[in-house]
Amino acid sequence: AIRTIAGVVKIDGNFSIDYRDGQFPTLAFDATGSVAGYDFGRVTGVVDRNQVKITGTIAVGGVFSAQLTGQVVWAAGSGITIVNRDGQTVPAAAGDFRVGADNISINLGGFSAGGSVVVGRASGVAYARFNASFAIGSANIGGNLSVSGDLGTDGNFRFAGSGNLNLVGF
């Protein structure tokens, strides 16, 4: 079903609601979207009595792209899990969340960058993790920079970076 909001935002996809007497309804969706004629990608997800989960892709021409994931848990339950800071799947508790973007790519006028970012809370630890690489210039003039890091409310943190610069062979 195509939905247009204010003549600018367009959502095209399938939406379903599963409602059973005495149970919380489940909403599932699989849709693509555009704003002012620019396609932004596809998002799938589900909202149920315990959580909302989404996955999707976003792309703006050849300039920006990323794979998105998100989960917010408001009630623990049997089989409700979340991925923690270390990448392990663990039982989820109310208040746990994870939002991330992977395979981020930006290409604009001789400048390119890539990376990923995730912010979340699981097993009582709130955390953030990022990595990015930047390339500037081309041929004999240019360079690159890489940075990464993570931190958590458990007191652990790590940051690292490296780079190089090339000016006509130096």
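The values are calculated or read from the model by the stated rules, or taken from the named source; none is laboratory data. Owing to the predicted nature of the structure, the values given are computational and were not obtained by experimental measurement. For the accessible areas, the whole protein counts, side chains as well, though only heavy atoms, and no ligand, DNA or RNA atoms are used. Shrake-Rupley method; radii C 1.70, N 1.55, O 1.52, S 1.80 Å.
Tell me, how many Å apart are the Cα centres for the range 88-147 and for the range 13-81? The range 88-147 and the range 13-81 have Cα centres separated by 21 Å. The fraction of accessible area contributed by carbon and sulfur in the chain is 61 percent, rounded to a whole number (1.4 Å probe; ligands and nucleic acids excluded). Considering the range 88-128, its Cα convex hull presents a mean projected area of 3.5 nm². With Rh defined as the Kirkwood radius, the inverse of the mean 1/r over Cα pairs, the Rg/Rh of the range 60-108 is 1.16. Using the 1.4 Å probe convention, the accessible area of the chain works out to 62 Å² per residue with neighbouring protein chains retained.
For the chain, the extents of the C-alpha atoms along the principal axes are 72, 47, 21 Å, listed from largest to smallest. Values of log10 I(q)/I(0) for the range 119-170 across q = 0.13, 0.30, 0.32 Å⁻¹ run -0.47, -1.05, -1.11, by the Debye formula with one identical scatterer at each alpha carbon and no solvent. Based on the Stokes-Einstein relation at 4 °C and a viscosity of 1.567 mPa s, and on the Kirkwood radius from alpha carbon pairs, the range 82-170 is assigned a translational diffusion coefficient of 87 µm²/s.
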